[in-house]
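Okay, structure first, notes after.
The values are calculated or read from the model by the stated rules, or taken from the named source; none is laboratory data. What you are looking at is a predicted structure, and each value in this text was computed from that prediction instead of being measured. As a convention, Cβ positions derive from the backbone with ideal geometry for all residues, glycine included, and neighbour counts pool all protein chains shown. Side chains are part of the model used for accessible areas, which takes the heavy atoms of the whole protein and leaves out ligands, DNA and RNA. Shrake-Rupley method; radii C 1.70, N 1.55, O 1.52, S 1.80 Å.
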Amino acid sequence: MPEPKITALIVARNEERKLPGCLDSVRFAHERIVVVDAASDDDTLAVARRSAEIVIVRPFDDFASQRNAGLAAATGDWILSIDADERVTPGLAVEIQDVLTDSSDRHAGFRIPIRSEILGRPFGYSGTQQDLPMRLFRRGRGSWTGQVHETVDLDGSIGRMRHPLDHHTIPDVQVFLRKIDQYTTLEAHDLYRSGDRYRTRDLTLRPVWLFLKLYLYKQGFRDGLEGLMFCALSGVSAAVRTWKLRELDHLETAS
């Protein structure tokens, strides 16, 4: 039986500094595809063209569409989806190749644990311990759905890898605040399109509940001051999303 071919699929915007390390970590893949946001204004595109087999430039509409554009161009038997600020660890690379060459394994996809570094500190709590997304699946058996927190709609059974992806995300508070602004805008519009409307309790109670959930129940206090900041700003993010939804409601009423 021939060795299954792997396509590594990466979505990137303004990632000239992180993309080289990401691409290097997936050199074991037979094909590397980078989908570059057309709004990138650094050297992300040049970096991608130097190393990837396929580079796609398209305007950003939502994350699922960006990834599905790369999926449509892929030729590998398996799709490995990672972000520019993630790295496939050596152990995971070996595990992926071993599992995919095992003819007795019939899973259509695999979840991969994420080992995150946030605000310069390795995290083990604050909710990150449940971060186990679908990142590897058979081409033709899955595609992405969801405009913001996209997921893989998979036809078939799901396995789990033991080794993690390293995720070097949110290096400082400035980046965190920019992400909050970007994601809450997308989330508010997604909620609005789905028929959700502003509720006062989502502004007054949900942010507090989320902070307590992450900081106490998910033991964010064990991640030090960085954990406190992460949990607090996660609560702020919930409040900002709700306020933006309120603004969309007001625009509808005014019109």
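Structural remarks
- Degrees separating the helix 173-193 axis from the principal Cα axis of the chain, which is the longest one: 80
- All other residues whose Cβ lies under 12 angstrom from that of VAL57 are scored, Lys and Arg at +1 and Asp and Glu at -1, for a net of +2.
- The fraction of accessible area contributed by carbon and sulfur in the chain is 51 percent, rounded to a whole number (1.4 Å probe; ligands and nucleic acids excluded).
- Between 0 and 90°, nearest 10: helix 90-100 axis offset from the chain longest Cα axis: 70
- Axis angle, to the nearest 10 degrees, between helix 63-73 and the longest C-alpha principal axis of the chain: 20 degrees.
- Accessible solvent surface per residue of the chain, calculated while the other protein chains remain in place, 1.4 angstrom probe, Å²: 52
- Extension gain from ASP172 to ASP61, taking 0.36 nm per residue of separation minus the Cα-Cα distance: 37.3 nm
- Taking amide H as placed 1.01 Å from N in the peptide plane, PHE28 has no amide H partner under 5 Å among residues 5 or more places away or on another chain.
- Taking the inverse of the mean reciprocal distance over all distinct Cα pairs, the Kirkwood hydrodynamic radius of region 120-219 comes to 16.7 Å.
- Over the residues of the chain, the helix contribution to mean residue ellipticity at 222 nm works out to -12500 deg cm²/dmol, using -39500 (n - 2.57) for each DSSP H run of at least 4.
- Compared with the alpha-carbon gap, the fully stretched path from THR89 to ARG193 is longer by 33.6 nm at 0.36 nm per residue.
- Percent antiparallel among DSSP beta bridges (both partners in region 100-255, rounded to 5): 55
- The Rg/Rh ratio for the chain, using Cα coordinates for both the radius of gyration and the Kirkwood hydrodynamic radius, is 0.98.
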